[in-house]
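S.K.: Take this structure first; my questions come after.
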Amino acid sequence: PIVLVQNEHRWFCADPDQADAYLNELHRYLREGGVSVPIVSSNNLYATGEGETEGWNGHEDLLATFRQLRGVRPDQACLALDFELGRARVWGQGEIAPSPGEALHELAQALGAGAQINLAPFAGGSRFGFTGGRLPFSRDAYVAQSNDQGSPIAEDGSASATLDAIRPLLLFASTFERTLAGIEWGRGGTVAAPGGAGETIVHAPGENGSVVFVLRSPDAKTSRGLTRELLLPDGRTLEVDLKDSPAVWCVLDTAIGPNSRVDYTNASVIWSGARAL
């Protein structure tokens, strides 16, 4: 089933009149062609067609980015339409892609801001010959055949280390959708900016339960067993074992079924059927 259609991609036009004319004409073609689902764009606020939901593309500073995006588009869903896991590889150069820990850290930031994520690419592939073309930043920047770019599914079809790292977070996001949908993301408080020497704690409360995200730099070097004590709203303390993970998510007072409820977890939780782990 088609649930969204995207109008343009990374079209960073600085001429408002040209942008409105162009994007609204494409929008009209889509509607006259029978597209009835919501239309989204991914031009990072440079230009948006009338009535479209503006998404975002990129992979850095996502907690701050989506808080800002929610501030200027409070009535729209926050969508990471192009969470880029890496850049196209160029002949003679190595792969430019985040480590599995960095990918998890940024994905957790996006989820901690209430964003929904589209990984690009999810599966790697191959470009044959020189059909990949040339990138604009250098005369000899010809795109190489491999298109893995740090993708969860590698070029040969195998699961990569990135998939191992991000899969629990993706499972959490999909199976705890009722909890996440009930959170008032626009009322998030002030937190430490991610990426510093310490941890960032994001508490996201909602009518169906709440989630606490604990984020730490993926480059931080610590011994296993690193713990932090959280002070909950009711005065209780909760000791969280960060281990070596750049992201831990704990749920509080959350229903996981018609007759089951989780009072709290002090570790990253996933859920399947009627069982929580």
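The values are calculated or read from the model by the stated rules, or taken from the named source; none is laboratory data. Everything numeric in this text was worked out from a predicted model, so none of it was measured. Cβ coordinates were reconstructed from backbone atoms using ideal geometry, including for glycine residues, and neighbour counts include every protein chain displayed. In case anyone asks, the SASA skips ligands and DNA or RNA and just uses the protein heavy atoms, side chains included. Shrake-Rupley method; radii C 1.70, N 1.55, O 1.52, S 1.80 Å.
S.K.: Counting only protein heavy atoms and using a 1.4 Å probe, what share of the accessible area of region 150-268 belongs to carbon plus sulfur, as a whole percent?
M.R.: Carbon with sulfur: 48 percent of the solvent-accessible area.
S.K.: If packing is taken as the average number of other Cβ atoms within 10 Å across a peptide's residues, how do 115-123, 8-16 rank, most packed first?
M.R.: Output ranking for 115-123, 8-16: 115-123, 8-16.
S.K.: Of all the accessible heavy-atom surface of region 1-141, with the other protein chains kept in place and a 1.4 Å probe, what percent is carbon and sulfur? Don't skip to the answer; put the middle values down first.
M.R.: Working: 4090 of 7760 Å².
After summing per-atom areas, the C and S share lands at 53 percent.
S.K.: Hey, another quick one. Given contacts defined as C-alpha pairs under 8 Å and at least six residues apart, what's the relative contact order of region 140-189, whole-number percent?
M.R.: Contact order relative to length: 18 percent.
S.K.: Work out the charge dipole of the chain with +1 on the Cβ of Lys and Arg and -1 on the Cβ of Asp and Glu about the Cα centre, then indicate which of 2, 209, 269 is farthest towards its positive end.
M.R.: Looking along the dipole axis, the top candidate is 269.
S.K.: May I ask you to derive the FRET efficiency for residue 232 and residue 178 from their Cβ-Cβ distance with R0 = 25 Å, giving the value to the nearest 0.05?
M.R.: Working: r = 21 Å, r/R0 = 0.85.
Rounded to the nearest 0.05, the efficiency is 0.70.
S.K.: Which angle from 0 to 90°, rounded to the nearest 10, does the C-alpha axis of helix 161-175 make with the longest principal axis of the chain?
M.R.: That helix lies at roughly 70 degrees to the long axis.
S.K.: May I ask for the angle, rounded to the nearest 10°, between helix 16-32 and the longest principal axis of the chain, with both axes built from Cα atoms and the value confined to 0 to 90°?
M.R.: Once rounded, one gets 80 degrees.
S.K.: Antiparallel DSSP bridges in the chain: what percent, to the nearest 5? Write down the numbers at each step before the final one.
M.R.: Values: 31 of 43 bridges.
Approximately 70 percent, going by the DSSP bridge assignments.
S.K.: Here's a follow-up. Based on the Cβ-Cβ distance of residue 142 and residue 219, what FRET efficiency does E = 1/(1 + (r/R0)^6) give at R0 = 22 Å, to the nearest 0.05?
M.R.: Working from the Cβ atoms, E equals 0.10.
S.K.: Reported to two decimal places, what Rg/Rh ratio describes the chain when computed on Cα atoms with Rh from the Kirkwood expression?
M.R.: Rounded to two decimals, Rg/Rh equals 1.00.
S.K.: If you don't mind, another one. Report, in whole Å, the centroid distance computed from the Cα atoms of region 227-277 and region 51-106.
M.R.: Rounded to whole Å, the Cα centres lie 26 Å apart.
S.K.: How far apart, in nm, are the 7 Å Cα→Cβ label points at residue 167 and residue 187?
M.R.: With each label point 7 Å from Cα toward Cβ, the separation is 3.7 nm.
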